[in-house]
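Engineer: The structure is given below, and queries will be raised subsequently.
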Amino acid sequence: MIKRCPQHGFFRGELCNCGSAGQLLLDETKTEQLGRLVAGCLRHFPGDLGLTMDSRGWVDLTKLGQVVASRHRWANKELIVALVLSDPKQRYEIRDENVRARYGHSVAVDLDHPENRLPLLYYGASEEEADRILEIGIKSASQRYVHLSTTAEKAWHVATFRTGNPRVIQADAAAAQKSGVKMMTVNDDIVISEMVPSQFLSILATKDIARTEKQ
């Protein structure tokens, strides 16, 4: 659910960090409904809904508000802002009355996030996927960019949603970027890249996953 604290603005959950119960804006069902629609608008099919997206993924916020209101009578621009600013995963960002998804696009965009500065990145996969990735590299079949995790533990966690036997692939990001591979920092958890060639990849031993978290 999304609420508004009179002192600290939008938040999710029962209580704000200050302890305030806040004002309820969206219950869990409506938060999910609005989230799915906004994700579709900003990641997958903006044109189908009459939205114009520029090459960097930006869409006019007021126009998006009109689109969501046409699909859900209770939705509006203010609730989009609440959705964005309260999102713990930082999926979206607002700038100068425009809004965009930070990552997860299937449409053609050229994002301009800051260059990655971490020397090592990680990718979670099943055992079968890992063997194939070490041969051909990390590529995306459906999304514009591949999504890499900033820690081995995060990559492991992501992989557990797809397999009961996760493998973590370590990417030598520093060497890859030096060779010309573009990698961009989305947030504290995610770095995106068009692809990562196999020569920069290796399997991280299970015993080393927790160790990377302490470094």
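The values are calculated or read from the model by the stated rules, or taken from the named source; none is laboratory data. It should be emphasised that the depicted structure is a prediction, and the values quoted were computed from it without experimental measurement. Every residue, glycine among them, receives a Cβ derived from its backbone with ideal geometry; neighbour counts consider all protein chains shown. The protein model used for the area step is the full one, side chains on, heavy atoms only, and it has no ligands, DNA or RNA in it. Shrake-Rupley method; radii C 1.70, N 1.55, O 1.52, S 1.80 Å.
Engineer: Just the accessible area per residue of region 1-143, please: how many Å² with a 1.4 Å probe?
Structural biologist: Result: 55 Å² per residue.
Engineer: Ignoring any ligand, DNA or RNA, what whole percent of the accessible area of region 42-101 comes from carbon and sulfur when the probe is 1.4 angstrom?
Structural biologist: That fraction is 44 percent.
Engineer: Something else about it: What GluC sites (Glu not before Pro) does region 1-57 have in DSSP loop regions with at most 11 other beta carbons within 10 Å?
Structural biologist: Hits after loop and neighbour filter: 14.
Engineer: In terms of modelled amide H atoms, which long-range or inter-chain residues lie less than 5 Å from the amide H of residue 183?
Structural biologist: Those qualifying (amide H under 5 Å, at least 5 residues apart or on another chain) are 116.
Engineer: Residue by residue, what Karplus-based ³J(HN,Hα) values in Hz, rounded to whole numbers, does region 185-192 have, using 6.51, -1.76 and 1.60 with θ = phi - 60° and x for Gly and Pro?
Structural biologist: Result, rounded to whole Hz: 7, 8, 7, 5, 9, 10, 10, 10.
Engineer: Counting pairs on different chains as well as pairs 8 or more places apart, how many Lys pairs in the chain have Cα atoms under 28 Å apart?
Structural biologist: The result is 26.
Engineer: Tell me what the chain gives for mean residue ellipticity at 222 nm when only DSSP H runs of n ≥ 4 count, each as -39,500 (n - 2.57), the sum divided by the residue total, rounded to 500 deg cm²/dmol.
Structural biologist: -9000 deg cm²/dmol, from helical runs alone.
Engineer: Test of the criteria: in region 1-93, which chymotrypsin sites (Phe, Trp or Tyr not before Pro) are in a DSSP loop and have at most 12 other Cβ atoms within 10 angstrom of their Cβ?
Structural biologist: Counting only loop positions with at most 12 other Cβ atoms within 10 Å, the chymotrypsin sites (Phe, Trp or Tyr not before Pro) in region 1-93 are 74.
Engineer: Is region 57-201 best put as rounded, prolate or oblate by its Cα gyration tensor, with a ≥ b ≥ c the root eigenvalues, rounded for a/c under 1.5, and otherwise prolate when a/b is larger than b/c, oblate when not?
Structural biologist: Because a/c hits 1.5 or more and a/b exceeds b/c, region 57-201 counts as prolate.
Engineer: Another question, then. I need the phi-derived Karplus couplings for region 155-162: 6.51 cos²θ - 1.76 cosθ + 1.60, θ = phi - 60°, integer Hz, Gly and Pro marked x.
Structural biologist: 4, 4, 4, 4, 5, 5, 6, 10
Engineer: Indicate the gyration tensor shape class of region 41-95 (rounded, prolate or oblate), computed on the Cα atoms with a ≥ b ≥ c the square roots of the eigenvalues: a/c under 1.5 is rounded; otherwise a/b larger than b/c is prolate and the rest oblate.
Structural biologist: Here region 41-95 falls in the oblate category.
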